[in-house]
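Asks: One structure, pasted below without further comment.
Readers should treat all values here as calculations from the given coordinates under stated rules, not as data from a laboratory. Nothing here was measured: the structure is a model prediction, and the numbers come from that model. Every residue, glycine as well, gets a Cβ built from its backbone with ideal geometry; the counts of neighbours run over all protein chains shown.
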Amino acid sequence: MRPKIESGALVSLAPVTVEELTVGDAVLCKVKGNTYVHLVKALQGGRVQIGNNKGKINGWTRTIYGRVEEIVNP
């Protein structure tokens, strides 16, 4: 299964608050000290659960840097 965004691809981000996110959004976030572009899997009381498109869940975070708006170089 191919990823929605290839590793190393440049993306453009838009600022976003946790309250503006929806399940399925791709976001730049920090989880357990690592920074990822991953999908929003669930939202709960100001926290965001993130994971990949293969079903893996990476964890919960409150640190969202932005929502992916465009893949610049796929």
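Asks: Pairs of Cα atoms under 8 Å, at least six residues apart: use those to get the relative contact order of the chain, whole percent.
Replies: Relative CO of the chain lands at 40 percent.
Asks: Mind listing P(r) for the chain? All alpha-carbon pairs, 10 Å bins, whole percents.
Replies: 21, 57, 22, 1
Asks: Something else: Could you list which residues have their amide H under 5 Å from that of ASP25, counting only those 5 or more apart in sequence or on another chain, with H placed in the peptide plane?
Replies: VAL40
Asks: Let me ask another. Compute, for the chain, the length of the dipole vector about the Cα centre, with Cβ point charges of +1 (Lys, Arg) and -1 (Asp, Glu) only. Units Debye, rounded to 20.
Replies: Computed charge dipole of the chain: roughly 420 debye.
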